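To keep things clear, I will list the structure first and then write my remarks on it.
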Amino acid sequence: MHGFKYRHGKLSCEQVALSDLVRKHGTPLYVYSAGTLADHYQRLDQALAPVPHQICFAMKSNSNLAVLRTLADLGSGFDIVSAGELARVIAAGGDARKCVFAGVGKTEAEIAFALRQGIYSFNVESEPELARINLVAGRMHTQAPVALRVNPNVDAHTHAKITTGTYENKFGIAFENIEGIYERARRLKNLKLRGVQMHIGSQLTEVKPFADAIIKVLPMVARLAKRHELEFFSIGGGMGIVYDPALASGEADWWKQKRTRGLLTPARYANTLVPLLRNLKLRILVEPGRFISGNAGVLVTRVEHVKQTGRKRFVIVDAAMNDLIRPAFYDSYHEIVPLRLARGKTVKSDVVGPICESGDSFCKDRPLPAVKEGDLLALMSAGAYGSVMGSNYNSRPLAAEVLVRGARTSLIRRRQSISDIWAGETLAAWQR
């Protein structure tokens, strides 16, 4: 479900036509639906109601202050991976006491900052990190709350670059080593053992890998909880979304349908996992990112040229891989639609950006309406890992961002000016 639909022939975000936003703010332009963010959060929250739980939004997927505030106002906590992300939570009005700090390379400065802010827990990825947290907490004369991240060695069968739950990945501690490390950790006086955490990967479209991982680690979690008086078990994030609507409608090829059979919904997710977790008597943490923000955003772009080269038709747009890197980086699919409803014949087209890289492409040989120079297109499902992964490659300014709530709109990130790009740079002393 999302808040982007055609109204009177114009693609709209909730009650606002995207073309009206373009006239005011230009392109490339990210647009987010506050209603969609709230709907996805609340549906998951309600589905998990039978167990005590806390949703911690994985803000790596979208860290705009207004997006974070929208979720914080609903009661969300946050899954953070840097001191910068924690500072963003605080700047947005979020609660540091609802934050869990993940990541394999936390610095001493980041650990100290997080302790000063009173975060709920560190998700610890290795025994050396455990020793570092104990050392920093000792210097500060405090106890650091920690949960060890267990790597269950369960293959989530997702993209190779976003799988995290096998021994081929850099994340977490091997399943068979966890109990011994908890025993050693309990002797470190500057630590408070608060929970157990796991996360097996991102963009999972079936519930089975989650269930397989939970079933494998649950007996161990129960033993650890009893021995160490733990408070929570975090089952991580990873809930996938629909990028290609044909997968949901049944119009895709059979092999694609097989990959997303039994499409993941909050109800299906909870109906399978809650019965496994109900008797654990621990607070359950979940850390979704893409599920909440992915379909809540689009990237709007303008057609600059249409170029025919041999059999290839290139639609050259003003957005590029620096604005949305997922297609170039992951070969990811994003639905591309015109802002004005088009019917009739389609033409196979490559939608490409202006960056001087052959990989700067959003799709290849995709049937699209016969657009022309000046037309506007929307790249759908761009609310996660979109703007947040933006860069200034080719000295291109970062795109503007707008949040829509009903008929109200707000510019939540101004378009970067060209001079902003080098604002932190300076000539060498001998060049002035």
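A few remarks follow.
- Scope segment 181-210; condition small (Gly, Ala, Ser) and at pLDDT 95 or above; matching residues: 185, 195
- Count - residues of segment 110-128 that are charged (D, E, K, R) and either touching a residue at least 40 places away in the same chain (Cβ under 8 Å) or at positive phi (or both): 2
- Matching residues, segment 347-374, being among the acidic types (Asp, Glu) and in contact with a strand residue (DSSP E or B) (Cβ under 9 Å, 6 or more places away or on another chain): 350, 360, 365, 373
- Checklist (1) farther than 23 Å from residue 115 by Cβ; (2) in contact (Cβ under 8 Å) with a residue 60 or more places away in the chain applied to residue 198, failing item: (2)
- Filter pass, residue 61 being small (Gly, Ala, Ser), part of a loop (DSSP other than H, G, I, E, B) and either more than 22 Å from residue 239 (Cβ to Cβ) or in contact with a helix residue (DSSP H, G or I) (Cβ under 6 Å, 6 or more places away or on another chain) (or both): yes
- Residue match in segment 264-282 (condition: among the basic types (Lys, Arg) and farther than 26 Å from residue 101 by Cβ): yes
- Candidates 217, 242: the one that is of a type outside the set (S, T, N, Q) and under 22 Å from the mean Cα position of the chain (by Cα) is 242.
- Scanning segment 399-418 for residues that are outside any strand (DSSP E or B) and touching a residue at least 40 places away in the same chain (Cβ under 8 Å), we see that the one that is farthest from residue 85 (Cα to Cα) is 407.
- Filtered by the rule that a residue be part of a helix (DSSP H, G or I), within 16 Å of residue 11 (Cα to Cα) and among the hydroxyl-bearing types (Ser, Thr, Tyr), segment 22-56 gives a lone residue, 36.
The values are calculated or read from the model by the stated rules, or taken from the named source; none is laboratory data. This is a predicted model, so every value here is computed, not measured. We place every Cβ from the backbone using ideal geometry, glycine too, and count neighbours over all the protein chains shown.
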